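A short worksheet on the structure shown next.
The values are calculated or read from the model by the stated rules, or taken from the named source; none is laboratory data. Because the structure is a prediction, the values reported are computed rather than measured. Every residue, glycine as well, gets a Cβ built from its backbone with ideal geometry; the counts of neighbours run over all protein chains shown. Heads up: the accessible areas ignore ligands, DNA and RNA and are worked out on the full protein's heavy atoms, side chains in. Shrake-Rupley method; radii C 1.70, N 1.55, O 1.52, S 1.80 Å.
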Amino acid sequence: MAWKTIDRNEPAFDADAPNVLSDAVREKIRSFFPRYETKQAALLPALHVVQETLGHVSFKAMTEVAEVLEIHPSQVFDTLSFYTHFWTHPKGKKTITVCRSITCELLGGREVLDAIKKHLGVGEHETTADGEYSLVTEECLAGCDHSPCMLINEKLHKRVQPADIPKLLADTDNDKLDMPRSTLFDAPADVASDGASVTS
Amino acid sequence: MPDYETVLLRNVGVEGSRTIDVYRSRGGYRGVEKALKQMADDEVVEEVKRANLRGRGGAGFPAGVKWGFLPKDRERTLLCVNADESEPPTFCNRVLMEHDPHQVIEGIIIAGFATRAQVAYVYMRVEFHEQFHIMQVAIDEAYAAGLLGKNILGSGYDLEVYVHRGAGAYVCGEETALIESIEGKRGCPRIKPPFPAIEGLFRRPTVVNNIETLANLPHIIERGADWFLGIGTANSAGPKLFCVCGPVNRPGCYEAPMTITCEELIMGDRFGQGMSGNASVQAVFPGGTSMGVLKADEVHMKMDFDDPRNFGLLGLGTAAAVVVGDKTDMRDVLRNMARFYALESCGQCTQCREGTNWMYRIASRIASGAGRIEDLDLLEEVAGRMGMMPGLSICGLPDGATFPVRGIVRKFRSELEEHIRGQEPAGAERVLSVLN
Ligand SMILES: Cc1cc2nc3c(=O)[nH]c(=O)nc-3n(C[C@H](O)[C@H](O)[C@H](O)COP(=O)(O)O)c2cc1C
Ligand code: SF4
Ligand code: FES
């Protein structure tokens, strides 16, 4: 998505807040520079790192990213607002992304979405009161051989049925993707991932 | 096709197929050895041209010919690997990356060598989490084995490979939007010309190729263009992946030559194994949704680069078929598809931005039970006033939007009219809530 901006409850205007990007995050962002011919090209990787470590990308974070990349903050917001993946205000610990495209719809995806809404008491782009779950829909997740499907954070859940929802959402490990990860190139930034590491 | 030898999916189901050791033990990286040690870059380009390897990303443009557009005197070349795979209901790139990442990497090295690229960026949609980790781990392995980085296998050729993750935007699969996205910008496609081969990423000569296109390269190099041309037909040569999904017994990604029909893909024992439950086929979108729709009596269409046009489709597309069962209301299908394109338009061309949204609103009105017969004509009219084909847009997204919408309106007109005639009069009151 694209020209219509979604997610988009009131963004967190926090321009006067103390810095939110830790030195480690800044260092991680700079580590992308050798890959590209411009610093701006490190913007999507940078936004991914920020969202992974802080949970969302606030205005303050955008201005700091702009500083590291030596571009204007408006360029950061311009790019960020184009993509559905980024949140400008806090989201839940886990994001549920339900596929709404054709194969999933044909095989009961809408019913799954309704069951989640009912179970959690939230609508799309909303977060549960306990801060556990945010709910969004997305177009085809390229898992149509497993429709209806949805992601909980990184983990893809396949052939989900409405009746599975209460049990699935009660499972604390439902977002765990247990697999080998690259240590050479995509080591995570050395910061706490609970958003608590605010230094610099 | 009892004697078809699986090529692209040959390692699927083999234990440890993701690891470099297993890949090598099954003949992997022999294509790279041959290309880098025994061939000149131009010879690789010629061989791929001769094989008539047509792009698997949707447009079907011959890869070797595309590489031939690069300026001869270029100093720096960049390769973009299109792993954005966002066209519903396409998932064959995912299967390749998931089960056989080294086959993809081998293809990247060969394409990089042929085009003299210094860097390859794998642009991968962000929803591919598992696949991202698999690919990155495999890339690390390839670096450790001296297959990436400096002086690959002692040949003097250097190639760096980076995965660049997208952030949720279908249009970033379009090659120039993909380039903009890597540059850190909104994914708005560029006006062509200049084509990426002349001026692409960071204004360098750039080649964009799909994952499946690249996965064919090791085999073409190892076995030669004649072997490749011996599969399928001259115009639609080589092994091909097909997806089939929806209410079928065995949804999945299958490999076959492009002589297969849509019907075999749905019904065949080696493929979809027929409709599930007691549904029968009402409609099929055989090339990804963007190519248009077949009626039940048109499924004998061949899944090649030519036959789809005989059925009013835009082309073979991604060769991913979603089947719609007979009990599904085509109004819902129409709305779902119209919404997709309306929300995924990047918005820079008025015709596309407004046109896709008008189609979505009209489709919503029809689906909500407040449609009018003239809405069907209106849909056709709007569809005829946007898109690259009438020269009214920068990229092909709106053509992909109009083919399914027009296809449904034309081929299922009597069903839609019947629904509209049978609506409750109160339906009109629901219009306002739908239009929000
Ligand atoms: C709206 C739009 C979306 C596209 N999405 C993809 C995609 O997800 N993956 C892909 O490989 N090609 C996609 N393409 C086609 C690319 O622009 C390009 O033709 C292709 O990546 C070239 O690779 P190939 O020649 O190897 O097929 C898309 C095109 C358009 C117009
Ligand atoms: S045709 Fe549509 S998606 Fe393509 S560039 Fe124009 S507005 Fe964007
Ligand atoms: S339609 Fe839901 S994953 Fe493709």
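Each row is one residue, and each column tells you yes or no for (1) open to solvent by 10 Å² or more (accessible area, probe 1.4 Å); (2) charged (D, E, K, R).
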{"position": "B:Glu127", "(1), (2)": "yes, yes"}
{"position": "B:Met135", "(1), (2)": "no, no"}
{"position": "B:Glu141", "(1), (2)": "yes, yes"}
{"position": "B:Leu148", "(1), (2)": "no, no"}
{"position": "B:Gly154", "(1), (2)": "yes, no"}
{"position": "B:Tyr157", "(1), (2)": "yes, no"}
{"position": "B:Tyr162", "(1), (2)": "yes, no"}
{"position": "B:Lys185", "(1), (2)": "yes, yes"}
{"position": "B:Ile191", "(1), (2)": "yes, no"}
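Rundown of residues vs (1) within 17 Å of A:His56 (Cα to Cα); (2) more than 14 Å from chain B (Cβ to nearest Cβ); (3) not β-branched (Val, Ile, Thr), yes/no style:
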residue: A:His89; (1), (2), (3): yes, yes, yes
residue: A:Lys94; (1), (2), (3): yes, no, yes
residue: A:Leu107; (1), (2), (3): no, no, yes
residue: A:Asp114; (1), (2), (3): no, yes, yes
residue: A:Glu132; (1), (2), (3): yes, yes, yes
residue: A:Thr137; (1), (2), (3): no, no, no
residue: A:Asp145; (1), (2), (3): no, no, yes
residue: A:Asn153; (1), (2), (3): yes, no, yes
residue: A:His157; (1), (2), (3): no, no, yes
In segment A:126-140, residue nearest to ligand 2 (Cβ to nearest atom) [restricted to those that are open to solvent by less than 10 Å² (accessible area, probe 1.4 Å) and within 21 Å of B:Tyr170 (Cβ to Cβ)]: A:Glu139
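Select from segment B:167-180 the residues that are facing chain A (nearest Cβ under 7 Å) and under 17 Å from B:Ile211 (Cβ atoms) and list them in ascending order.
Narrowing segment B:167-180 to residues facing chain A (nearest Cβ under 7 Å): B:167-171.
B:Tyr170, the sole residue that qualifies.
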Selection count, segment B:215-235, where residues are open to solvent by less than 10 Å² (accessible area, probe 1.4 Å) and either of a type in the set (Phe, Trp, Tyr) or not assigned by TED's automatic domain parsing to the domain that holds B:Arg54 (or both): 1
Residue in segment A:79-87 that is within 16 Å of ligand 1 (Cβ to nearest atom), touching a Lys or Arg at 6+ places or on another chain (Cβ under 9 Å) and open to solvent by less than 20 Å² (accessible area, probe 1.4 Å) present: yes
Leading residue by the ranking (nearest to ligand 3 (Cβ to nearest atom)) among those in segment A:101-134 that are more than 22 Å from B:Ala342 (Cα to Cα) and basic (Lys, Arg): A:Lys117
Test: residue in segment B:95-104 that is touching a Cys at 6+ places or on another chain (Cβ under 7 Å), of a type outside the set (Phe, Trp, Tyr), within 13 Å of another protein chain (Cβ to nearest Cβ) and closer than 24 Å to B:Leu201 by Cα: no
Residues located in segment A:42-78, provided they are open to solvent by 10 Å² or more (accessible area, probe 1.4 Å), over 13 Å from the mean Cα position of the chain (by Cα) and within 11 Å of chain B (Cβ to nearest Cβ): A:Ile71, A:Gln75, A:Phe77, A:Asp78
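This table checks each residue for (1) of a type outside the set (Lys, Arg); (2) within 13 Å of another protein chain (Cβ to nearest Cβ); (3) more than 22 Å from B:Pro251 (Cα to Cα).
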| site | (1), (2), (3) |
| --- | --- |
| B:Asp307 | yes, no, yes |
| B:Leu313 | yes, no, yes |
| B:Thr328 | yes, yes, no |
| B:Ala342 | yes, yes, yes |
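Which of the residues belonging to segment B:300-326 are away from ligand 3 (no atom under 16 Å from the Cβ) and either crowded, with 17+ Cβ neighbours inside 10 Å or modelled with pLDDT under 95 (or both)?
Let us first name the residues in segment B:300-326 that are away from ligand 3 (no atom under 16 Å from the Cβ), namely B:300-316, B:326.
Within segment B:300-326, B:Met301, B:Lys302, B:Met303, B:Asp304, B:Phe305, B:Asp307, B:Pro308, B:Phe311, B:Leu313, B:Leu314, B:Gly315, B:Leu316 qualify.
Test B:Val333 against the criterion of being crowded, with 24+ Cβ neighbours inside 10 Å, facing chain A (nearest Cβ under 8 Å) and modelled with pLDDT of 95 or more, and give yes or no. Spell out the reasoning first.
Working: crowded, with 24+ Cβ neighbours inside 10 Å: yes; facing chain A (nearest Cβ under 8 Å): yes; modelled with pLDDT of 95 or more: yes.
Yes, satisfied.
Out of all the residues in segment A:135-149, which are among the polar types (S, T, N, Q) and near ligand 3 (Cβ under 6 Å from one of its atoms)? Step through it out loud before you land on a result.
Narrowing segment A:135-149 to residues among the polar types (S, T, N, Q): A:137, A:147.
Result: A:Ser147, single match.
Inspect segment B:198-207 for any residue being away from ligand 3 (no atom under 16 Å from the Cβ), in contact (Cβ under 8 Å) with a residue 12 or more places away in the chain and either of a type in the set (Gly, Ala, Ser) or not assigned by TED's automatic domain parsing to the domain that holds B:Pro88 (or both) and give the result as yes or no. Lay out the reasoning, then the answer.
The initial filter retains those residues of segment B:198-207 that are away from ligand 3 (no atom under 16 Å from the Cβ), namely B:198-207.
Imposing the further condition that a residue be in contact (Cβ under 8 Å) with a residue 12 or more places away in the chain reduces the set to B:198, B:200-202, B:204-207.
Now restrict to residues that are either of a type in the set (Gly, Ala, Ser) or not assigned by TED's automatic domain parsing to the domain that holds B:Pro88 (or both): B:200.
Among the residues of segment B:198-207, at least one is away from ligand 3 (no atom under 16 Å from the Cβ), in contact (Cβ under 8 Å) with a residue 12 or more places away in the chain and either of a type in the set (Gly, Ala, Ser) or not assigned by TED's automatic domain parsing to the domain that holds B:Pro88 (or both), which makes the answer yes.
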